[in-house]
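Some notes on the structure that comes next.
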Amino acid sequence: MNHLIAPSVLAADFTNLQRDIEMLNQSEADWVHFDVMDGVFVPNISFGFPLLKAVKQLAQKPIDVHLMIVNPDQYIGQFASAGASNITVHSEACTHLHRTIQLIKDAGCTAGVALNPHTPVAFLEDIILDLDLVLIMSVNPGFGGQQFIPNTYKKLFDLKTLSHQRKPDLKIEVDGGVNNYNCRQLIEAGANVLVAGSSVFSSANPIQEISKLKHF
Ligand code: DX5
Ligand code: ZN
């Protein structure tokens, strides 16, 4: 499978959001990554439904919603109607993860689970068959522009091994500190979806930066 690029709107210029989304439309980006933070699960608050609806109107690509929130079950229907194609929840925020995954699918979206840096891949052994995507956090969630955690390579390798054994079409997404210096090693370790925020939007030439992540 060719790998996918999912630039994160969190790092966009909100005073020029339309320009930035149109740039993504013109680029080789495959998805638009949309980070929702509630100030409870993570120590930061980002944005929610109104912004997702606006991005949905502008974007010509699927929207990959990453929920860094407690009690996601309560909001899944609203995120699906606001335009999410994929919804990813955090394993650490879901007591009844299996139920949450079924709710996402019932809402018509593909379903992902994110793992914080300390959560082992083995945690997912008994739910992997139900998942379309696993997101490996390569920073502690809550902020863009943080430094990549090197143990991520080992976790990607663990997940690639589990995926080969049990779920060969699994999307393996890596999120945090991804740039055109580490992208090759991340793909070799097992990732097939790269989320990139600051490396794309702080570049003088974001379209070229996305292209570099796509072809290296
Ligand atoms: C962090 C978010 C990321 C963030 C990545 O909690 O989940 O998607 O936007 O930003 P960078 O690429 O700047 O690390
Ligand atoms: Zn994210």
Checking rank on 24-31, 46-53, 122-129, with mean other Cβ inside 10 Å and highest first, the result is 24-31, 46-53, 122-129
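Using the Kirkwood formula on the Cα atoms of region 1-94, what hydrodynamic radius do you get, in angstrom to one decimal?
Numbers: mean 1/r = 0.0734 Å⁻¹.
Over region 1-94, the inverse of the mean reciprocal pair distance is 13.6 Å.
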Residues with beta-carbon under 13 Å from that of Ile69, excluding Ile69: net charge, scoring Lys, Arg +1 and Asp, Glu -1?
-4
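Given the peptides 14-21, 93-100, arrange them by the average over their residues of other C-beta atoms within 10 Å, most packed first. Don't skip to the answer; put the middle values down first.
On the way: 14-21: 13.4, 93-100: 14.9.
So the peptides 14-21, 93-100, ranked by packing, come out 93-100, 14-21.
Is region 65-179 best put as rounded, prolate or oblate by its Cα gyration tensor, with a ≥ b ≥ c the root eigenvalues, rounded for a/c under 1.5, and otherwise prolate when a/b is larger than b/c, oblate when not? Intermediate results must be reported in sequence, preceding the final value.
Working: a/c = 1.79, a/b = 1.25, b/c = 1.44.
Oblate shape, in that a/c is at least 1.5 and b/c is the bigger or equal ratio.
Based on the alpha-carbon gyration tensor of region 4-214 and its eigenvalue square roots a ≥ b ≥ c, which shape applies: rounded if a/c is under 1.5, prolate if not and a/b is larger than b/c, or oblate? All intermediate terms of the calculation are to be shown ahead of the outcome.
Working: a/c = 1.56, a/b = 1.13, b/c = 1.38.
Verdict is oblate for region 4-214.
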Candidate aspartates and glutamates for bridging to Lys154, where Cα separation is under 13 Å - those fewer than 8 sequence places away on the same chain excluded:
Glu188
Amide H partners (placed H, <5 Å) of Ala196, local residues excluded:
Ala6, Ser8
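With an 8 Å cut-off on Cα pairs and a minimum separation of 6 or more residues, tell me the relative contact order of region 4-214 in percent. Intermediate values should be presented prior to the final figure.
Details: 429 pairs, mean separation 44.1, N = 211.
Relative contact order of region 4-214: 21 percent.
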Show which lysines lie in cross-link reach of Lys160 when reach means a straight Cα distance below 29 angstrom and same-chain residues fewer than eight apart are skipped.
Lys61, Lys105, Lys171, Lys212, Lys214
Highest mean packing first, using Cβ neighbours within 10 angstrom, the peptides 138-147, 186-195 sort as 186-195, 138-147
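Where a number appears in this text, it was derived from the coordinates with a stated rule and is not lab data. A quick note: this is a predicted structure, and the numbers were derived from the prediction, not measured. With ideal geometry, Cβ positions are generated from the backbone for all residues, glycine too; neighbour counts draw on all protein chains shown.
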